[in-house]
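First comes the structure, then the notes that go with it.
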Amino acid sequence: MNAPEAVKPPPAASHVMNTYGRLPFALSHGRGCRVWDTEGREYLDALGGIAVNTLGHAHPQLVPALQEQVAKLIHCSNYYQMPLQEQLAAKLCELSGLTNAFFCSTGLEANEAALKIARKFGHDRGIDRPEIIVYEKAFHGRSIATLSATGNAKVQAGFGPLVEGFVRVPLNDVAAIEEVANTRPNVVAVFLEVIQGEGGINPATVDYLRALRRLCDEHDWLLMLDEVQCGIGRTGKWFAHQWAGIRADVMPLAKGLGSGVPVGAVVCGPRAANVLGPGNHGTTFGGNPLAMRASLETLRIMEADGLLENAATVGSALRAGLARELAGVAGVVDIRGQGLMIGVELSRPCGELLGRAAARGLLISVTAERVVRLVPPLILSRAEADEVVALLAPLIRDFLAEPAQPA
Ligand SMILES: Cc1ncc(COP(=O)(O)O)c(C=O)c1O
């Protein structure tokens, strides 16, 4: 294994806009949790397309289902009845205890729909400047409204003026929410990731989620839980908030729902499901037959193959293995997460680990500058988890043993 480790700008002749720092190799195909690049090098995929490839790569049941659907109908439009949307909405409602779904194609679109629902929910109650509580270190997407809701100055820099109507609080601080409740009469919703992903794998505690549910009920606010990254079985339950035994009013989904086929959804309970009516919202691609089929097959295979249980048990083993191998290593601040959503926080920025891991045949990511993030396919086996530990722990140990580079 000998991939170069630097993140490089695109070649000077590239016609692709320069918006990503990319590693200097191209992936050509995959199978299960393995992928290969165009030079034939093999990688163990502990990133899963950033929490997207739920069933890994080239799943033997998903591929023929998609092939069949492509040959029948990829896209039509929302002018017509959509039986596959009906089936997927019913399934998501069964799994979440909610009542209705709207379909789109990405996470930010699901969050935009949620924000529109919150604002209209306020307008319908006579609040003409509604406010939404959002969080420090949150990430909700890169459209103008969702980057305004995001709690990361880097994501926002250069794109002002930001959208108004957000009140920001720290995570897991009930007193901060109570303070907002006492001082801001125009609040209509609380909007948070159950486990912050891009912000560094920061979970909302079970007690905090229960307190939020109670406060939302008391103040007639919508509880809007962004499960785009932590949902769809990743934590060992269908949706991460289910560990707290609560229900959302509005739940945006995307990423893992279609196992790689772009799809987003916003699933609502009775207080939010009828806020939008005909003409209020729409999208050309949202809910197309290919995306719906991919999602239905993903959920079916997850159930048939016990992937929630797998995420919980293999995730625990992976965390335990990392804790064992990194015990006592100076510079390892914390190892946290749930199921197959794991963060290893280091004491200093560690972006270069991305390239170094790839050079050893492991795909990972680094988020919030100092947190190594693992969000592999939910089919990851126990043996593959052991392999992730065996590849990653020495990399982290070696990195932390080097003198820190001047900033
Ligand atoms: C929690 C969360 N919400 C929203 C998004 C945005 O999703 P997308 O990139 O599909 O627009 C992301 C993407 O990382 C996310 O992690």
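Whether any residue in segment 271-283 is of a type in the set (Lys, Arg), without any contact (Cβ under 8 Å) to a residue 24 or more places away in the chain and more than 16 Å from the ligand (Cβ to nearest atom) is what I want to check. The answer is no, given that none of the residues of segment 271-283 is of a type in the set (Lys, Arg), without any contact (Cβ under 8 Å) to a residue 24 or more places away in the chain and more than 16 Å from the ligand (Cβ to nearest atom).
Exactly one residue out of Glu131, Glu112, Glu86, Glu68 is more than 16 Å from the ligand (Cβ to nearest atom), modelled with pLDDT of 95 or more and buried (at least 20 other Cβ atoms within 10 Å of the Cβ), and it is Glu131.
The helices (runs of 4 or more DSSP H) found wholly in segment 32-137 and carrying at least 2 residues that are over 26 Å from the mean Cα position of the chain (by Cα) and closer than 26 Å to Leu225 by Cβ occupy 107-124. Look at segment 122-144: where a residue is closer than 14 Å to Leu162 by Cβ and a partner is in a helix (DSSP H, G or I) and among the aliphatic types (A, V, I, L, M), sitting 6+ places away or on another chain with Cβ atoms under 6 Å, you get Ile132/Ala118; Val134/Ala149; His140/Ala149; Gly141/Leu108; Ser143/Leu108.
Quick check on Asn182: is it of a type in the set (S, T, N, Q), away from the ligand (no atom under 16 Å from the Cβ) and either modelled with pLDDT of 95 or more or surrounded by 15 or more Cβ atoms within 10 Å (Cβ to Cβ) (or both)? For Asn182, the condition - of a type in the set (S, T, N, Q), away from the ligand (no atom under 16 Å from the Cβ) and either modelled with pLDDT of 95 or more or surrounded by 15 or more Cβ atoms within 10 Å (Cβ to Cβ) (or both) - is met. Among the criteria (1) more than 29 Å from Glu198 (Cα to Cα); (2) surrounded by 15 or more Cβ atoms within 10 Å (Cβ to Cβ), the one Gly49 does not fulfil is (1). Against the conditions (1) in contact with a Ser or Thr (Cβ under 6 Å, 6 or more places away or on another chain); (2) in a loop (DSSP other than H, G, I, E, B); (3) among the β-branched types (Val, Ile, Thr), Thr284 satisfies every one except (1).
The values are calculated or read from the model by the stated rules, or taken from the named source; none is laboratory data. Quantities reported herein were computed from a predicted structural model and do not represent experimental measurements. In this analysis, Cβ positions are derived from the backbone assuming ideal geometry, glycine residues included, and neighbour counts consider all displayed protein chains.
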